[in-house]
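Following: one structure in structure tokens, then a few remarks.
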Amino acid sequence: MTDLTQNLPATLKSIPKGWLASLLILALLAIFDTQQLPETLVFTADALIGTAPFIAFAVIAVAYIKASGAESMLAKVFEGNQVQMVALAALAGGLSPFCSCEVIPFIAGLLAVGAPLSAVMAFWLSSPLMDPMMFAITAGAISWEFAVAKAVFAVGLGLMGGYATMAFRASAVFDDPLRPNTAVGGCGCGPAPFSGKPVWQFWSDSKRVDTFRSTAIENALFLFKWLTLAYVLESVMLAYVPAESIATLLGGDGAGPVILGALIGGPAYLNGYAAVPLVGELMNQGMAVGAAMSFIIAGGVSCIPAAVAVWPLVKLRVFTAYIGFGVIGAMIAGFIANATL
């Protein structure tokens, strides 16, 4: 498919896509609905101000983890008994601040030295679903209850996929999983992790202070960009999408909305942080909590950044299993959420 950005002026191409999408939506409102434009701007500003404490907490927490080198402890998860490894990998994936592309060289190295695919699968499945920033944003945009449930489901999905991979490790699906001549590299989305033991009082080390500063600025801009787009879209959705349509399609406690939420979660998913406020508003308009949970989990596993973190390293059959685990796990999470939340 031809890249639509090829026909854009060079000045527009230089604008990050998140900002470009927000500007295009506001431009369309300015042309076709001038009354809605100020309402959207006010709504977006108010929403960002309301979410600011959660953004600040998330940004500082992740910057501290990076600067102290706490993420270097992650490698210890992949040592020891395989059953224990899967459990720790699923837990670590749901807590670590790695972005999806940052895990590529880390995981590639583990696979190359013989780390079990089961533990890697557990980490892969839980990692894109939850991290400190995602938890804070979900709690602020939806609810603490939903954020805690999603974190539990993220770890649960990692456990399910990890132990299933371990049980069938000798099958044709998981045998010899790596692509030949796999080449990997970082994505330039943040400073490389520090090695060795964490330095909790990092502020006496100028390099670590620089890492704290750069990580905080980078993540603050990242969240601001995608949450701005999310709130602009949310305002437009409130203005033009009837709540009855959402309630009819994705409301209720039956199996249909949960299954539909999981199936459309991948194709319809935005950046994970941008998706959270939209899902919150869909719930306000009648989307069932189970459908919301299945949508947000399936989307997190199959979205482009998460999928790209898996695709370069493993063969198609293993990648297909990864996506399958994500969709099935999302449906299970949705059914449980309907029954408990």
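For the range 23-73, the Kirkwood estimate of hydrodynamic radius, built from reciprocal distances between every pair of different alpha carbons, is 13.6 Å.
Across the range 157-170, computed HN-Hα scalar couplings (Karplus, 6.51 cos²θ - 1.76 cosθ + 1.60, θ = phi - 60°) run 5, x, 5, 4, x, x, 6, 5, 5, 5, 5, 10, 5, 8 Hz from first to last residue, x flagging Gly and Pro.
Across the range 121-135, coupling constants 3J(HN,Hα) worked out from phi with the 6.51/-1.76/1.60 Karplus curve, θ = phi - 60°, read 4, 4, 5, 4, 6, 7, 4, x, 8, 8, 7, x, 5, 4, 4 Hz, and Gly and Pro carry x. Converting phi to 3J(HN,Hα) with the Karplus coefficients 6.51, -1.76 and 1.60 and the offset θ = phi - 60°, the range 32-43 yields 9, 8, 5, 6, 6, 4, x, 5, 5, 5, 5, 4 Hz in sequence order, with x at every glycine or proline. Expressed as a whole number of Å, what is the distance separating the alpha-carbon centroids of the range 280-341 and the range 18-89? Answer, in whole Å: 18.
List the pairs from LYS66/LYS315; LYS76/LYS207; LYS17/LYS66; LYS66/LYS197 whose alpha-carbon separation is above 21 Å, in the order I gave them. Where the Cα-Cα span goes over 21 Å, the pairs concerned are LYS66/LYS315; LYS76/LYS207; LYS17/LYS66.
Our note on the geometry: Cα centres of the range 147-182 and the range 197-260, 25 Å apart. Taking GluC sites (Glu not before Pro) across the range 37-94, the ones in a DSSP loop with at most 15 further Cβ atoms lying within 10 angstrom of their Cβ are GLU79.
Every number in this text was worked out from the coordinates using simple rules, so none of it is lab data. Everything quoted here is computed from the prediction, not taken from an experiment. We place every Cβ from the backbone using ideal geometry, glycine too, and count neighbours over all the protein chains shown.
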